[in-house]
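The values are calculated or read from the model by the stated rules, or taken from the named source; none is laboratory data. The shown structure was predicted, so the numbers you read here are calculated from the model rather than taken from an experiment. As a convention, Cβ positions derive from the backbone with ideal geometry for all residues, glycine included, and neighbour counts pool all protein chains shown.
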Amino acid sequence: MGMHATIYTVSAEAFAAGVAGDLDAFTPDETGVSLDKAWHAIHYLITGDADLRFLTTGAPLAEAESCELHSPADVRHLSERLGALTVADLMAKFDADAFNRLNIYQAPWDDSAAHYVQPFLADFLVALHAAARAQRGLFVVLA
């Protein structure tokens, strides 16, 4: 089983509705991008933060514990911060020993797990940069 993450894009209006708790007006895109169980590793590779969450700017969706919203501005800033970094650049930070020491979900890690994380990281970067170009936020569901 385990905890999987899926990200969806949201308009600025849907972001505002979600943060305000107006679930009737909250409409994320229907098609999401799965990060499977690699979400926490991706979070760490991108942010350097080992807290058990995804990204660092999220707001809860109507106080839902396992969902978070990221504004279009935050998505744009993250996309700009990552800039031209490639999957290979970010994967160069993959260190199974550090992941285990920091309790990055889903420990235990070994060096072969880099092959598992890499395609999900690539999918995330594509989705992030596309959302930034479209001026959309992100809706993250951990389940």
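Worth pointing out:
- Across region 91-114, the number of residues qualifying as more than 17 Å from ASP36 (Cβ to Cβ) and of a type in the set (A, V, I, L, M) comes to 4.
- Residue that is farthest from ALA73 (Cα to Cα) [pool: residues in region 124-139 that are touching an Asp or Glu at 6+ places or on another chain (Cβ under 9 Å) and hydrophobic (A, V, I, L, M, F, W, C)]: PHE139
The rows are residues; the columns are (1) crowded, with 18+ Cβ neighbours inside 10 Å; (2) at pLDDT 95 or above; (3) under 18 Å from ALA5 (Cβ atoms).
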position: TYR105; (1), (2), (3): yes, no, yes
position: HIS115; (1), (2), (3): no, yes, no
position: PHE120; (1), (2), (3): yes, yes, yes
position: ALA134; (1), (2), (3): no, yes, no
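- For region 30-47, a tally of residues being touching a residue at least 24 places away in the same chain (Cβ under 8 Å) and outside any helix (DSSP H, G or I) returns 7.
- Pairs, first free of Cβ contacts under 8 Å to residues at least 40 places away in the same chain in region 94-110, second charged (D, E, K, R), C-beta under 6 Å, six or more apart: ALA96/ASP110; ALA96/ASP111
- Pair list, Cβ under 9 Å, 6 or more apart: region 76-87 residue among the acidic types (Asp, Glu), other residue modelled with pLDDT of 95 or more: GLU80/ALA132
- Out of LEU61, LEU23, one residue alone is touching a Cys at 6+ places or on another chain (Cβ under 8 Å) and in contact (Cβ under 8 Å) with a residue 12 or more places away in the chain. It is LEU61.
- In region 56-91, residue surrounded by the fewest Cβ atoms within 10 Å (Cβ to Cβ) [restricted to those that are outside any strand (DSSP E or B) and in contact with a strand residue (DSSP E or B) (Cβ under 6 Å, 6 or more places away or on another chain)]: THR57
- Of residues in region 14-29 being aliphatic (A, V, I, L, M) and in a loop (DSSP other than H, G, I, E, B), the one modelled with the lowest pLDDT: LEU23
- Residues in region 86-142 that are within 18 Å of the chain's Cα centre (by Cα) and among the basic types (Lys, Arg): LYS93, ARG133, ARG136.
- Residues within region 3-13 that are in a loop (DSSP other than H, G, I, E, B) and either over 17 Å from ARG133 (Cα atoms) or at pLDDT below 95 (or both), tallied: 2
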